[in-house]
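One structure is given here, and the rest of the page talks about it.
The values are calculated or read from the model by the stated rules, or taken from the named source; none is laboratory data. What you see is a predicted model; the values in this text were computed from it and never measured. Positions of Cβ are backbone-derived with ideal geometry, glycine not excepted, and every protein chain shown enters the neighbour counts. What goes into the accessible areas is simple: the full protein's heavy atoms, side chains included, and nothing from ligands, DNA or RNA. Shrake-Rupley method; radii C 1.70, N 1.55, O 1.52, S 1.80 Å.
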Amino acid sequence: MSLRINDTAPNFTAQTTQGRIDFHTWIGDSWACLFSHPKDFTPVCTTELGYMARIEPEFTKRNCKLIGLSVDPVENHEKWVADIEETQGAKVKYPMIGDTDLAVAKLYNMLPADEPGTSEGRTPATNATVRSVFIIGPDKKIKLMLTYPMTTGRNFDEILRVLDSMQLTAKHKVATPANWKQGEDVIITAAVSNEEAEKSFPGFKTIKPYLRTTPQPR
């Protein structure tokens, strides 16, 4: 199954470190960040899960829930969580999905739909593509998809930056320029006429007819 931005995020039920969930019900009226890992007890992912544990309050401020996924069993996750706390100095409080039948990985196109077998006997190399991040909105639509190589730790500060942009642009008729950060000027979308822009964004700057900027709306 091929997924694109603005597709409805596939729903599923799965066992997690916090019990069985129905994914759409678990999301509720929040945003959600689903991030996956090729296997438990892998070094790069250990640092990622620890970092996400440290910055989870930043996601909470933005009404965004975190949920991890690995194809290994939940009981392995629980042992891994102890290692993460010991080595990274942060306790994982968000749920982690045990995807032993590879169902969620296949559903989210992280593994081929016809991939045989279960998590048993698989290695990080055979699960290399299970290194993705999905941001899903309260409308259950996919807003962002990223997949990283195994040897490169993910930049979760960038995920927060993109989340800020998506939440801002969902509320106002603006877009954010390259490397934008909170508080910086934004771009007025082409769907807004100059007349409408004068009302909504008084004093906006026209750099080119197609490039108009304004202070970030509040």
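Inside the stretch 171-184, can you point out the residues that are open to solvent by 80 Å² or more (accessible area, probe 1.4 Å) and either in contact with a strand residue (DSSP E or B) (Cβ under 9 Å, 6 or more places away or on another chain) or over 27 Å from residue 133 (Cβ atoms) (or both)? Lay out the reasoning, then the answer.
Initially, the stretch 171-184 is screened for residues open to solvent by 80 Å² or more (accessible area, probe 1.4 Å), giving 171, 173, 178-179, 181-182, 184.
The answer is 173, and nothing else.
Run down 166, 150, 110 and say which single residue is in contact with a Cys (Cβ under 9 Å, 6 or more places away or on another chain) and either crowded, with 16+ Cβ neighbours inside 10 Å or not basic (Lys, Arg) (or both). Give the steps one after another, and end with the answer.
Working: 166 fails: in contact with a Cys (Cβ under 9 Å, 6 or more places away or on another chain); 110 fails: in contact with a Cys (Cβ under 9 Å, 6 or more places away or on another chain).
Of 166, 150, 110, the one residue that is in contact with a Cys (Cβ under 9 Å, 6 or more places away or on another chain) and either crowded, with 16+ Cβ neighbours inside 10 Å or not basic (Lys, Arg) (or both) is 150.
Looking at the structure I just gave you, is residue 117 small (Gly, Ala, Ser), open to solvent by less than 70 Å² (accessible area, probe 1.4 Å) and more than 26 Å from residue 157 (Cβ to Cβ)?
Against the criterion (small (Gly, Ala, Ser), open to solvent by less than 70 Å² (accessible area, probe 1.4 Å) and more than 26 Å from residue 157 (Cβ to Cβ)), residue 117 qualifies.
Quick check on my filter: what residues within the stretch 66-80 are in contact with a helix residue (DSSP H, G or I) (Cβ under 7 Å, 6 or more places away or on another chain) and without any contact (Cβ under 8 Å) to a residue 40 or more places away in the chain?
Matches in the stretch 66-80: 66, 68.
Can you name every residue in the stretch 202-217 that is touching a His at 6+ places or on another chain (Cβ under 9 Å) and over 17 Å from residue 178 (Cβ atoms)?
Listed by number, the list holds a single entry, 217.
I'd like to verify a number: residues in the stretch 46-62 that are open to solvent by less than 40 Å² (accessible area, probe 1.4 Å) and more than 15 Å from the chain's Cα centre (by Cα), how many?
So the answer is 2.
Quick check, is residue 30 surrounded by fewer than 18 Cβ atoms within 10 Å (Cβ to Cβ), closer than 18 Å to residue 144 by Cα and either modelled with pLDDT of 95 or more or not hydroxyl-bearing (Ser, Thr, Tyr) (or both)?
On the way: surrounded by fewer than 18 Cβ atoms within 10 Å (Cβ to Cβ): yes; closer than 18 Å to residue 144 by Cα: yes; either modelled with pLDDT of 95 or more or not hydroxyl-bearing (Ser, Thr, Tyr) (or both): yes.
Spelling it out, residue 30 is indeed surrounded by fewer than 18 Cβ atoms within 10 Å (Cβ to Cβ), closer than 18 Å to residue 144 by Cα and either modelled with pLDDT of 95 or more or not hydroxyl-bearing (Ser, Thr, Tyr) (or both).
Could you check the stretch 180-218 and list, in sequence order, the residues that are part of a strand (DSSP E or B) and out of contact with any helix residue (DSSP H, G or I) (no Cβ under 6 Å at 6 or more places or on another chain)?
Those that are part of a strand (DSSP E or B) and out of contact with any helix residue (DSSP H, G or I) (no Cβ under 6 Å at 6 or more places or on another chain): 186, 187, 205, 206, 207, 208, 211, 212, 213, 214.
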